[in-house]
Amino acid sequence: MMVQNLSAAENYNNYHFFQFIRLFIASTFLCAILLAYQSNAYAQKKNTNQTASKVSSSEDEKKFDMLKSSNETVWTCENNVKVKTAQAGGQYLFLHNKKLYTMNGIEALNGVSRFSDMVHRIDWIIIPGKAMLFDSKAGQRLLDYCNHPDLAFVDKSKEIDLMK
């Protein structure tokens, strides 16, 4: 049997190495516990936010009905998404996904109506034949091919091809 004689320096290094390993394992365990606690707290907060958003969405629908000063217009967009709009004094009300947006009219080209909500950074643009909703912050089109029965229909057969 071979007995290993370690010097004092090697014993010191081995001791600190094992202390480091124990400390590392303990800190990893504590981090896992904190992460689990935070994920539970996040899930609970998310659930309370979802119920709060359901309450506020019905409040937004009621607010839309209270504020509108003209008849509402129901738009049907691609994928059968419904949007409601109405005038309210000098502003334009826009109800999408049970969320109310208050928009201001912006000057645009002839035949084009443009409304913008600077808080939520969305734009509602109505052109002959369709309307579109843009997210100006992300630079994306959120809704396209929105139509309602009173919107002027554009006859595609009478369009002029400018590339010829």
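Read-outs throughout are calculated quantities, based only on the coordinates presented, and are distinct from any laboratory measurement. Note that the structure is predicted; figures quoted are calculated from it, not measured. No Cβ is skipped: glycine too gets one built from the backbone with ideal geometry, and neighbour counts run over all protein chains shown.
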Original post:
Using the per-residue mean of other Cβ atoms lying within 10 Å as a proxy for protection, in what order, highest first, do the peptides 134-140, 116-122 fall?
Top reply: 116-122, 134-140
Subject >> In order through segment 13-21: 3J(HN,Hα) via Karplus (6.51 cos²θ - 1.76 cosθ + 1.60), integer Hz, x for Gly, Pro >> reply: 5, 5, 4, 5, 5, 5, 5, 4, 4
Original post:
Summing Lys, Arg as +1 and Asp, Glu as -1, what charge do residues with Cβ under 11 Å from the Cβ of Arg121 carry, Arg121 excluded?
Top reply: -2
